[in-house]
Amino acid sequence: MNEAMERAQKDSNLKLVTGFIRIWGLDNSIKPKELEQLIDKHRPGQEDMDKQGELTAIMNDARSDYKEIAQPEIAKLTWIKYRIEFRKAFYAMTDEIKKGE
């Protein structure tokens, strides 16, 4: 029973991560499993995901593509606004995932 619940949670988390990648235009920047590995290190309520430039690297990789492949409301953001909103959305998603674990 616990194994089934854990698998359902993991599948749900993968859907959240994959959706985030598509919304923010990260398709060419990072794979869902790679992003999950990064999220595994997160502690809820902490902005601890860019200590070694991990988030900055993801955003910089997406810089040339996001305007073409992100959702329209994201694609219209300026680069600076994209970075600010990306961080907010990323930490909100990671906190949500960690809350469910």
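Has segment 70-82 got any residue that is at positive phi and without any contact (Cβ under 8 Å) to a residue 24 or more places away in the chain?
Here is the first cut: in segment 70-82, the ones at positive phi are none.
No, there is no match, as no residue in segment 70-82 is at positive phi and without any contact (Cβ under 8 Å) to a residue 24 or more places away in the chain.
Within segment 20-46, how many residues are assigned to a loop (DSSP other than H, G, I, E, B) and either in contact with a Lys or Arg (Cβ under 8 Å, 6 or more places away or on another chain) or farther than 12 Å from Thr94 by Cβ (or both)? Spell out the reasoning first.
Restricting attention to segment 20-46, the residues satisfying the condition of being assigned to a loop (DSSP other than H, G, I, E, B) are 25-31, 41-46.
Cutting the leftovers down to either in contact with a Lys or Arg (Cβ under 8 Å, 6 or more places away or on another chain) or farther than 12 Å from Thr94 by Cβ (or both) gives us 25-31, 42-44.
Of the residues in segment 20-46, 10 are assigned to a loop (DSSP other than H, G, I, E, B) and either in contact with a Lys or Arg (Cβ under 8 Å, 6 or more places away or on another chain) or farther than 12 Å from Thr94 by Cβ (or both).
Since Glu85 meets every condition but one in (1) more than 18 Å from Glu47 (Cβ to Cβ); (2) of a type outside the set (Val, Ile, Thr); (3) surrounded by 12 or more Cβ atoms within 10 Å (Cβ to Cβ); (4) without any contact (Cβ under 8 Å) to a residue 40 or more places away in the chain, which condition does it not meet?
Among (1) more than 18 Å from Glu47 (Cβ to Cβ); (2) of a type outside the set (Val, Ile, Thr); (3) surrounded by 12 or more Cβ atoms within 10 Å (Cβ to Cβ); (4) without any contact (Cβ under 8 Å) to a residue 40 or more places away in the chain, the lone unmet condition for Glu85 is (1).
Hey, can you tell me all the residues within segment 48-64 that are under 13 Å from Phe86 (Cβ atoms) and either in contact (Cβ under 8 Å) with a residue 12 or more places away in the chain or of a type in the set (Asp, Glu) (or both)?
Kept after step one, since they are under 13 Å from Phe86 (Cβ atoms), are these residues of segment 48-64: 49-50, 54-63.
Within segment 48-64, Met49, Asp50, Glu54, Leu55, Ile58, Met59, Asp61, Ala62, Arg63 meet the criteria.
When you go through Lys76, Lys51, Lys33 one by one, which is the residue that is surrounded by fewer than 12 Cβ atoms within 10 Å (Cβ to Cβ), out of contact with any Asp or Glu (no Cβ under 9 Å at 6 or more places or on another chain) and modelled with pLDDT under 90? Steps first, please.
Working: Lys76 fails: modelled with pLDDT under 90; Lys33 fails: modelled with pLDDT under 90.
Going through Lys76, Lys51, Lys33 in turn, just one is surrounded by fewer than 12 Cβ atoms within 10 Å (Cβ to Cβ), out of contact with any Asp or Glu (no Cβ under 9 Å at 6 or more places or on another chain) and modelled with pLDDT under 90: Lys51.
With basic (Lys, Arg) and in a loop (DSSP other than H, G, I, E, B) as the only criterion, which of Lys88, Lys81, Lys98, Lys51 stands out?
Numbers: Lys88 fails: in a loop (DSSP other than H, G, I, E, B); Lys81 fails: in a loop (DSSP other than H, G, I, E, B); Lys98 fails: in a loop (DSSP other than H, G, I, E, B).
Result: Lys51 is the single residue among Lys88, Lys81, Lys98, Lys51 that is basic (Lys, Arg) and in a loop (DSSP other than H, G, I, E, B).
The values are calculated or read from the model by the stated rules, or taken from the named source; none is laboratory data. Bear in mind the structure is a predicted one, so any value in this text is a computation, not a measurement. Glycine gets a Cβ as well: all are built from the backbone with ideal geometry, and neighbour counts include every protein chain shown.
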